[in-house]
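Student: Let me give you the structure first, and then I'll get to my questions.
We did not get these values from a lab; they are worked out from the coordinates using the rules stated. Keep in mind that what you see is a predicted model, and the values were worked out from it rather than measured. Positions of Cβ are backbone-derived with ideal geometry, glycine not excepted, and every protein chain shown enters the neighbour counts.
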Amino acid sequence: MSRSDTGDPLGPSKGPAERPAQLQGPRETGRTHHEGTSGRQHLTLGSLALLLFAVGSAAVGQVMLKHGMQIATSRAASSGGSLAVSAATSPWVLLGLVVFGISAIAWLATLSRLPLSVAYPFNALGYLGILTASVLVLHEHANVWTWAGSLLVVSGLIIVVFAQS
């Protein structure tokens, strides 16, 4: 009995290579499970490392940008020059932009591996890192409520990670 005799709409001559992609299974198309589907991906050690690098480098880039802008602001105020020119020629601002750009590339790579619903909550770690660096490196002040709120956000991250396991 041929395929056309059994009611197969693809007919007898269409093998896996000739079938439309939406009718082929993952093995026949060469696609991995997460391409074009809504299946869950597991957080592997490699994906976690890439995600933490993306979030950490974004936080470092932000702190560098802030430090560079503090220097640029004081330099522009003391010389009476333009803040834009002072910022554009600040090594800290330029390096911060480079680091932030690297973090954006790492974030794109992360999103290619993980669902946004898993990856995005990790930005809470960046917030906690920036808060810590703003106090320790930039000598800014944070009150107890800021710290408590930050720890609550990180607690939410932990819940999300364990819910995905």
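Student: Using a basic spin-label model with each label point 7 Å from the Cα along Cα→Cβ, how many nm lie between V137 and S155?
Tutor: So the label points at V137 and S155 sit 2.8 nm apart.
Student: Full extension from H42 to L108: what is 0.36 nm times the residue separation minus their Cα-Cα distance, to one decimal in nm? Before the final figure, lay out each step's value.
Tutor: Values: separation 66, 0.36 × 66 = 23.76 nm, distance 1.74 nm.
Extending this stretch completely gives an extra 22.0 nm.
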